[in-house]
1. Specify the residue that is farthest from Asp206 (Cα to Cα); the eligible residues are those in the stretch 252-277 that are in contact (Cβ under 8 Å) with a residue 40 or more places away in the chain and out of contact with any strand residue (DSSP E or B) (no Cβ under 8 Å at 6 or more places or on another chain).
2. Would you be able to tell me the number of residues in the stretch 212-250 that are among the acidic types (Asp, Glu) and modelled with pLDDT under 95?
3. Run down Lys117, Lys141 and say which single residue is within 21 Å of Lys90 (Cβ to Cβ), touching a Pro at 6+ places or on another chain (Cβ under 7 Å) and surrounded by 17 or more Cβ atoms within 10 Å (Cβ to Cβ).
4. Answer yes if at least one residue in the stretch 174-183 is touching a residue at least 60 places away in the same chain (Cβ under 8 Å) and either out of contact with any Ser or Thr (no Cβ under 6 Å at 6 or more places or on another chain) or over 21 Å from Ala30 (Cα atoms) (or both), and no otherwise.
5. Taking the stretch 194-214, which residues are in contact (Cβ under 8 Å) with a residue 60 or more places away in the chain and more than 16 Å from Ala168 (Cα to Cα)?
6. Just the residues that are closer than 30 Å to Leu89 by Cα and in contact with a Phe, Trp or Tyr (Cβ under 8 Å, 6 or more places away or on another chain), please, taken from the stretch 174-203.
7. Select from the stretch 258-270 the residues that are under 26 Å from Asn157 (Cα atoms) and surrounded by 17 or more Cβ atoms within 10 Å (Cβ to Cβ) and list them in ascending order.
Amino acid sequence: MRVNLLCLLVSLAGAVSALSTGQSNLIQLASSLGANTLVSYVQQAGLTDTLAHGGPFTIFAPSDDAFNQLPPDVLNALKQNVSLLKDVLKYHVVRGDILSSDLINDFVLPTLLPYRKIRVNMYQNNTIVMMTGSRVTAVDKMASNGIIHVIDHVMYNIPDHSILTYAASQPNLGQLVYNAIRANLQTTLQGGPFTVFAPVDSAWYDLPPNFLNTVFLSLNKSQELLEYHVVSGTYYSGGLVDGQKVPTVAGGNLTVQISGGQVLIDNAHVTHADISVTNGVIHVIDKVMVPAVLRNIT
């Protein structure tokens with residue numbers, strides 16, 4: 001009887017101690033924050049025990065609205081493919097306690113998904129924080145075994161290509177790759193991080209007939225043209241503001257125009273924004289942007 005009573009008292013003491021901390025585990029906290037879709041998917045993927053009792057972990061937790069915004073084909077794929085779902089969820093989890101004050105622009109964080117990293121970006125005096133292009137909307141929600149930061153999009157396009165390898169895989173970006181190689185920039189573009197404004201193939205064909213022939217007679221001129229489309233650092237569209245001047249690797253500035261949901265860079269329309277790659281981000285544009293020093297070439 002005394003042994004049973006002692007065990008009961010020990011159990012009660014542990015329960016009181018846990019309650020006194022006022023902290024739930026990560027799964028309980030996610031539920032209390034309204035991330036019910038995330039919790040449901042974590043259960044389906046068989047990750048509940050890991051995230052409830054393991055750690056410490058930092059979770060970048062998509063809101064319910066974030067899941068509701070997913071394209072139907074992506075949503076169906078996540079529902080039907082448990083392996084894919086598990087990979088996507090693991091990409092949202094980092095080992096350790098990472099506070100918002102620990103985040104540094106353009107640093108990458110290894111995730112539970114092997115060899116895949118989240119890129120941190122901070123814009124406008126650190127008032128906008130993004131994780132691989134998804135905006136952080138709530139920070140530093142503390143659990144007993146980690147921290148949750150809420151984000152506004154699901155990070156399902158997990159970057160696994162560099163700038164040039166991604167471009168080479170796309171049917172409408174072949175001329176960019178070809179011209180980057182002609183300008184001897186393939187090694188440079190393996191570095192970074194960079195933001196590349198990538199003209200579609202038709203944009204190159206729209207240039208005056210002799211323009212590229214003349215430009216590519218000179219390595220300096222060809223590099224000037226290509227580098228005018230490259231910016232050091234990672235600029236997702238959510239970090240750009242109307243009228244912003246963005247310095248290029250070539251030395252000139254690109255002007256950002258935002259109106260009615262449309263983004264223009266030096267009068268080139270962004271037709272596909274925020275393509276995450278391992279060494280930055282790509283925005284596809286509909287024109288080749290010619291720096292002032294080359295505009296007299298016809």
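1. Top of the filtered list is Val277.
2. As a first pass, look at the stretch 212-250 and keep what is among the acidic types (Asp, Glu): 224, 227, 242.
Next cut, modelled with pLDDT under 95 only: none.
Residues meeting the conditions: 0.
3. Numbers: Lys141 fails: touching a Pro at 6+ places or on another chain (Cβ under 7 Å).
Exactly one residue qualifies, and that residue is Lys117.
4. Restricting attention to the stretch 174-183, the residues satisfying the condition of being touching a residue at least 60 places away in the same chain (Cβ under 8 Å) are none.
No, the conditions are met nowhere in the stretch 174-183.
5. Within the stretch 194-214, Phe194, Thr195, Ala203, Asp206, Leu207, Pro208, Asn210, Phe211, Thr214 qualify.
6. Answer for the stretch 174-203, where residues must be closer than 30 Å to Leu89 by Cα and in contact with a Phe, Trp or Tyr (Cβ under 8 Å, 6 or more places away or on another chain): just Thr195.
7. Val263, Leu264, Ile265, Ala268, Val270
Yes/no per residue for (1) buried (at least 17 other Cβ atoms within 10 Å of the Cβ); (2) not charged (D, E, K, R):
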| position | (1), (2) |
| --- | --- |
| Glu227 | yes, no |
| Val231 | yes, yes |
| Thr234 | yes, yes |
| Thr248 | yes, yes |
| His272 | no, yes |
| Ser276 | yes, yes |
| Val281 | yes, yes |
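The values are calculated or read from the model by the stated rules, or taken from the named source; none is laboratory data. Everything numeric in this text was worked out from a predicted model, so none of it was measured. Ideal geometry is used to build each Cβ from the backbone, glycine not excepted, and the neighbour counts take in all protein chains shown.
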